[in-house]
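Reviewing the structure listed below.
No lab work stands behind these numbers, since they all come straight from the coordinates. As the structure is a computational prediction, the values presented were derived from the model and not from experiment. Virtual Cβ from ideal backbone geometry, glycine too; neighbours counted across all protein chains shown.
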Amino acid sequence: VNVVLAAKVVCKVINMDTELPLSRIRTIMKSSLNTGQITNEVLFLMTKSTEMFIQKLTEEAYGRVKDDNTLKYKHLSQYVQKEKNLEFLLQIVPAKIKVKDFKNILEIGDGNSSSESEDERQIK
């Protein structure tokens, strides 16, 4: 009940237009278990909150750009990697790596697992 009241107040205070499609936010919210009924006020509040979060994230990441006037994926990724309060985004905005580097990581991983199994065989 308090959330609905807060949403109504927010609706009156801030711009009613949204940049993100309300239907998409509703779909994302419904994909969570036990969401229950999603009122228009709550939907609007979540949409505006999401927009504000995205704006803050991009502004903070852009503020750390030193060599370029363009915000790139790597800037967002670096910002997410460094900020502890954004660690919930680590899997969503991972650091990019080259395919060659990824293959090297896989080869190293395969080498470790095969040597472990050889060690285990020697113990037996």
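Restricting the first residue to segment 50-68 and requiring it to be surrounded by 11 or more Cβ atoms within 10 Å (Cβ to Cβ), which pairs with a second residue that is of a type in the set (Gly, Ala, Ser) meet a Cβ separation below 9 Å and a spacing of at least six or different chains?
Short answer, once both residue conditions are applied: 61/77.
Any idea how many residues of segment 19-52 are more than 22 Å from residue 89 (Cα to Cα) and of a type in the set (Ser, Thr, Tyr)?
Number of matching residues: 2.
Restricting to segment 25-42, give me the number of residues that are out of contact with any helix residue (DSSP H, G or I) (no Cβ under 9 Å at 6 or more places or on another chain) and among the basic types (Lys, Arg).
Qualifying residue count, segment 25-42: 1.
Taking into account only those residues within segment 59-81 that are basic (Lys, Arg) and under 17 Å from the mean Cα position of the chain (by Cα), which is nearest to residue 96 (Cα to Cα)?
Per the stated criteria, the residue is 74.
Can you pull out the residues in segment 53-83 that are more than 13 Å from residue 93 (Cβ to Cβ) and among the aliphatic types (A, V, I, L, M)?
If the condition is that a residue be more than 13 Å from residue 93 (Cβ to Cβ) and among the aliphatic types (A, V, I, L, M), then 65 is the only one that fits.
Residues that are surrounded by 12 or more Cβ atoms within 10 Å (Cβ to Cβ), of a type outside the set (Val, Ile, Thr), out of contact with any strand residue (DSSP E or B) (no Cβ under 7 Å at 6 or more places or on another chain) and closer than 19 Å to residue 50 by Cα: does segment 90-99 have at least one?
Yes; the residues of segment 90-99 include at least one that is surrounded by 12 or more Cβ atoms within 10 Å (Cβ to Cβ), of a type outside the set (Val, Ile, Thr), out of contact with any strand residue (DSSP E or B) (no Cβ under 7 Å at 6 or more places or on another chain) and closer than 19 Å to residue 50 by Cα.
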